[in-house]
Structures are given as structure tokens and as C-alpha cells.
1. Among the listed residues Leu107, Leu144, Leu124, which satisfies the condition of being open to solvent by less than 60 Å² (accessible area, probe 1.4 Å), touching a residue at least 60 places away in the same chain (Cβ under 8 Å) and farther than 30 Å from Arg54 by Cα?
2. Limited to segment 101-126, what total is found for residues that are within 20 Å of Thr28 (Cβ to Cβ) and touching a strand residue (DSSP E or B) at 6+ places or on another chain (Cβ under 6 Å)?
3. With (1) closer than 12 Å to Phe138 by Cβ; (2) open to solvent by less than 80 Å² (accessible area, probe 1.4 Å); (3) of a type in the set (Asp, Glu) as the list, and Glu30 as the residue in question, which single condition is left unmet?
4. Within segment 55-85, how many residues turn out to be outside any strand (DSSP E or B), crowded, with 19+ Cβ neighbours inside 10 Å and in contact (Cβ under 8 Å) with a residue 24 or more places away in the chain?
5. What about Thr28, is it in a strand (DSSP E or B), within 27 Å of Asp1 (Cα to Cα) and touching a residue at least 40 places away in the same chain (Cβ under 8 Å)?
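The values are calculated or read from the model by the stated rules, or taken from the named source; none is laboratory data. Worth saying up front: this structure is predicted, and the values here are computed from it rather than measured. FYI the Cβ positions are ideal-geometry reconstructions off the backbone, even for glycines, and counts take in every protein chain you see. Just the protein is used for accessible areas: all its heavy atoms, side chains included, with ligands, DNA and RNA removed. Shrake-Rupley method; radii C 1.70, N 1.55, O 1.52, S 1.80 Å.
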Amino acid sequence: DEWYRFVEGTNKPYLIYFQFVPNGDISTFESDRFFPLDDAGWGNSGMDEDDLSRNFHFTTELHTRFKYQGGETFRFSGDDDLWVFINGKLAIDLGGLHPSVNEQIDLDDSAGELGLEKGNVYPLELFHAERRTSASNFRVDTNLAFVDCGVVLPDPK
């Protein structure tokens, strides 16, 4: 339980930002070299496939809310642990050490078990852990209408 709460001497919290970019009918955040904490925390812990020193041992936690309108999907592709909770219920479970895998949830198909009703706003929580020292991949494709996202960076164009 120390992975996702601050414990002095065990972990250090850092704030990172995810920028989802338009990708057809969906928005995507993608990194095939997902190392947001290189040279931070307790330092780097291994070499990647390009022989670059990287901080491989970290967790990622994302909290947001979305308005359920019908027709939404949420797809994750990546390696190592990932859990997604929608409306407080486990929606995607990719726990464990593994190479890059994909899983998608169609919210209409799961609306009953997740307790979703069209027109309402629901929480989405994502918990990820990077534990291997070979690669770090992280991709989300979604058409969710996020609300209460915190700071939104301007378009760099």
C-alpha cells in the first residue's frame, strides 16, 4: 500500500502532466519511452534498449472525472502494472510484470456493472507501476469527455 501514498523514506511524490492530443475521433497520450522521473527521486536504476540510464522504478497515478454521454471507450497499451477504476469500480486490471499488452473497455457494454447513467459525471482513477528494467511503454486512447482536469496546457501550435 506504500506505492500510492507518500511514505517518508520510501517514496517521493512528483507532479507530471498528461497531454492528450487529437487522433481522429479519439484523444491519445503516448510514450514508447515513458520515463517521467529520469534523474529524479532516488536516481536512475537501469539502462533502456538505447543504453540510456533511466529511472525505471516508479508509479503513476491519475485522477480525473468525465461526463458519460454514451459511446465512450478507454484503451490502454503498456507494460507492467495498470489498474483503472471507473466510478470506484475496477474496470481494467493489467496487474503484474508483462510486456506491452492492450485492454479496452467499452463503457456502454459495462455501464450496468460500473453504475453509469448517461449525462452524469464520474471519476476515473488510473494506477500504474513501472517495475522492469528493459522498457517503459504507456499509451491511452479514449473519447471520454474529461472534466475537472486541473491545469490544461495551451496548444503548442
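1. On the way: Leu107 fails: touching a residue at least 60 places away in the same chain (Cβ under 8 Å); Leu124 fails: farther than 30 Å from Arg54 by Cα.
Testing whether each residue is open to solvent by less than 60 Å² (accessible area, probe 1.4 Å), touching a residue at least 60 places away in the same chain (Cβ under 8 Å) and farther than 30 Å from Arg54 by Cα leaves just Leu144.
2. At the first step, the residues of segment 101-126 found to be within 20 Å of Thr28 (Cβ to Cβ) are 101-107, 124-126.
So of that shortlist, the ones also touching a strand residue (DSSP E or B) at 6+ places or on another chain (Cβ under 6 Å) come out as 102-106, 124-126.
Counting residues in segment 101-126 that are within 20 Å of Thr28 (Cβ to Cβ) and touching a strand residue (DSSP E or B) at 6+ places or on another chain (Cβ under 6 Å) gives 8.
3. So the condition that Glu30 fails would be (2).
4. The number of residues fulfilling the criteria is 5.
5. Spelling it out, it is not the case that Thr28 is in a strand (DSSP E or B), within 27 Å of Asp1 (Cα to Cα) and touching a residue at least 40 places away in the same chain (Cβ under 8 Å).
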